[in-house]
Amino acid sequence: MEIILKQDIANLGYKDDIVRVKDGYARNYLIPKGLAVNATSSERKKHAENIKQRAHKEAKLKEEALEIAEKLKTIALTIGAKTSSKGKIFGSVNTIQVAEALKEKGFEIDRKSITFREEIIKEVGKYTADIKLHKEVTVEIPFEIVSE
């Protein structure tokens, strides 16, 4: 079954993408939750018109994301954490701390758009965070965890 996504869905697609999924997944989950609509001919016409109207706005958003990405490439973050004498962090460092450190530097980034390459950060050291500013713009930010 082909559907039109109403919002970004991880591992499936982005808003306004037309994707093919299994019938049960579409009928029992995506459509009832309001995440997608069936890709009928009338819905496809509406979809085409919406895309045409949104194309200019998308280009502007992508341009802004590229500008922010260029500024973010020069940033190096240092995040303080309480640690043991061996360098182990009490708890772990997560996206909230990285978002707060970026906010202190003057960048308002949503924590949901930040991901780590490592699954859990529990030691002092240097790491890299990926920040997704736009569906086509992702920037890598190096950050260092230091002992407080």
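Bear in mind these aren't lab numbers, they're just calculated from the coordinates by the rules spelled out. Just so we're clear, the structure is a prediction, and the values are computed from it rather than from any experiment. Here Cβ is always computed from backbone atoms with ideal geometry, including for glycine, and neighbour counts include all displayed protein chains.
Values computed for the structure shown
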quantity: At q = 0.21 Å⁻¹, base-10 log of I(q)/I(0) for the stretch 17-75 (Debye sum, equal scatterers on each alpha carbon); calculated: -0.84
quantity: The stretch 1-71-the stretch 80-148 distance, computed between alpha-carbon centres (Å); calculated: 30
quantity: Largest-first principal axis extents, alpha carbons of the stretch 28-107, Å; calculated: 65, 37, 15
quantity: Percentage, to the nearest whole number, of Cα pairs in the stretch 88-145 over 14 Å apart; calculated: 53
quantity: Amide H contacts under 5 Å for A129, placed H, 5+ residues apart; calculated: I141, F143
quantity: Phi-based couplings in Hz for the stretch 38-47 (Karplus 6.51, -1.76, 1.60; Gly and Pro marked x); calculated: 5, 8, 6, 5, 5, 5, 5, 5, 4, 4
quantity: Set K62/K103; K82/K103; K6/K103; K15/K122; K73/K126; K46/K73 screened for pairs whose C-alpha atoms are more than 27 Å apart; calculated: K6/K103; K15/K122; K46/K73
quantity: Distant-in-sequence amide H partners of I121 (H built 1.01 Å from N, under 5 Å); calculated: V93
quantity: Integer Hz, Karplus 6.51/-1.76/1.60 couplings in order for the stretch 55-64, x for Gly and Pro; calculated: 4, 5, 5, 5, 4, 5, 4, 5, 4, 5
quantity: Leading residue at positive end of dipole, the chain (Cβ point charges), from L12, V98, T138; calculated: L12
quantity: Cα convex hull volume per residue for the chain (Å³); calculated: 125
quantity: From phi via Karplus (6.51, -1.76, 1.60), per-residue ³J(HN,Hα) for the stretch 108-115 in Hz, x at Gly/Pro; calculated: 9, 10, 5, 5, 6, 8, 9, 10
